[in-house]
Amino acid sequence: MNNKLSDLNNNLFAQLEKLGDADLKGEDLKTEIERSKAMAGIASNIVGAAKITVEAYKLVSHGNIGKDELPALLTSSK
């Protein structure tokens, strides 16, 4: 399983290519449209979570909070 924003970007563009297939019609097209809507919703949530992480690290870099004050969810396990 890939969990990087670049992987998300690649998956979204692959889905866009599927939607652009002129041979896709009828139920197959409807299925891909529904899949695209679901992917867009999930992608939006992932991007929102990434924005929160970036904002938290901005607070740390500006000295507003200490890195040790970040919730464990926002810190790397590496």
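The values are calculated or read from the model by the stated rules, or taken from the named source; none is laboratory data. All figures in this text were calculated on a predicted structure; none of them were measured in a lab. Because the Cβ atoms are built from the backbone with ideal geometry, glycine has one as well, and the counts that use them run over all protein chains shown. Remember, those area values only see protein heavy atoms, side chains included, never the ligands or the DNA or RNA. Shrake-Rupley method; radii C 1.70, N 1.55, O 1.52, S 1.80 Å.
Values computed for the structure shown
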item: Test for ILE33: is it of a type in the set (A, V, I, L, M) and closer than 24 Å to PRO71 by Cα; result: no
item: Matching residues in region 18-41 - criterion: being open to solvent by 100 Å² or more (accessible area, probe 1.4 Å) and within 29 Å of THR53 (Cβ to Cβ); result: ARG35, LYS37
item: Residue check for ALA14: part of a helix (DSSP H, G or I) and not basic (Lys, Arg); result: yes
item: Neighbours by Cβ (under 7 Å, 6+ apart or cross-chain): first from region 31-45, in contact (Cβ under 8 Å) with a residue 12 or more places away in the chain; second outside any helix (DSSP H, G or I) and open to solvent by less than 40 Å² (accessible area, probe 1.4 Å); result: GLU32/LEU24
item: Complete set of residues in region 42-78 that are open to solvent by 100 Å² or more (accessible area, probe 1.4 Å), assigned to a helix (DSSP H, G or I) and farther than 22 Å from LEU8 by Cα; result: LYS67, ASP68, GLU69
